[in-house]
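Undergrad: So that we are looking at the same thing, I have put the structure below in structure tokens.
Every read-out reported here was derived from the displayed coordinates using simple, explicitly stated rules and does not represent laboratory data. Predicted model only: the values in this text are computed from it and were never measured. As a convention, Cβ positions derive from the backbone with ideal geometry for all residues, glycine included, and neighbour counts pool all protein chains shown.
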């Protein structure tokens, strides 16, 4: 049985707002001789009829241009968003790393946010207390525990969020560009941590603009453009096709 299955999933957003209902516009319309037609709300389909399945232990990459629908797809799979059409099935506990630090309170200290964010992720207080030192050590923020998060740099905030999110080994890991977290040293730690989780049997759905990272880490790749699936299959084959389409040359030629 597939651990993740999407069947004809589509996601629609309404971009426009109806301005004719404002008091100012109503007043103008009342004295206007020309009757204006009401504007329809603009519709944007971020995902269009997406279907695929992910088997247990697979590491699946999502590639595509900015705005292709990759992050929206991750949010749909993780349950943050409900699709407009279609069905999403996930058979396992998910750890979504989509917007690191989104569950933090800027008016609380780093120490307090470890417990807050841990609770948001579903960890018990006793579990957080047990893993507290491990989280702090991995984040490299021991000297900043009593600083308010609002005074943290974006890199420090992301490092703390990553350390909290990866303290457990989930069945399904949903990842959006986390390997660019922090400085070069921490990026290497992040990559090694993710590889450790993969080796432990964690199923991964991974978005990155780094073709090299996708080629190195993933067993299968899904290419999405304008909300539609362009190609799915072997990581290297799909990445090569995508690179050639984007850059007008083969991936191997870029290494020469």
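Undergrad: Neighbour counts of other C-beta atoms within 10 Å: give me 197, 1, 81 arranged from fewest to most. Don't skip to the end; give the middle numbers.
TA: Details: 197 20, 1 8, 81 17.
Least crowded to most crowded, the residues run 1, 81, 197.
Undergrad: Antiparallel DSSP bridges in region 98-256: what percent, to the nearest 5?
TA: If I count the DSSP bridges inside region 98-256, around 60 percent turn out antiparallel.
Undergrad: Could you calculate the FRET efficiency of residue 188 with residue 145 from 1/(1 + (r/R0)^6), where r is the beta carbon distance between them and R0 is 30 Å, rounded to 0.05?
TA: Calculated transfer efficiency: 0.80.
Undergrad: Please order 89, 177 by the number of other Cβ within 10 Å, starting at the fewest.
TA: 89, 177
Undergrad: What is the order of 163, 124, fewest Cβ neighbours within 10 Å to most?
TA: 124, 163
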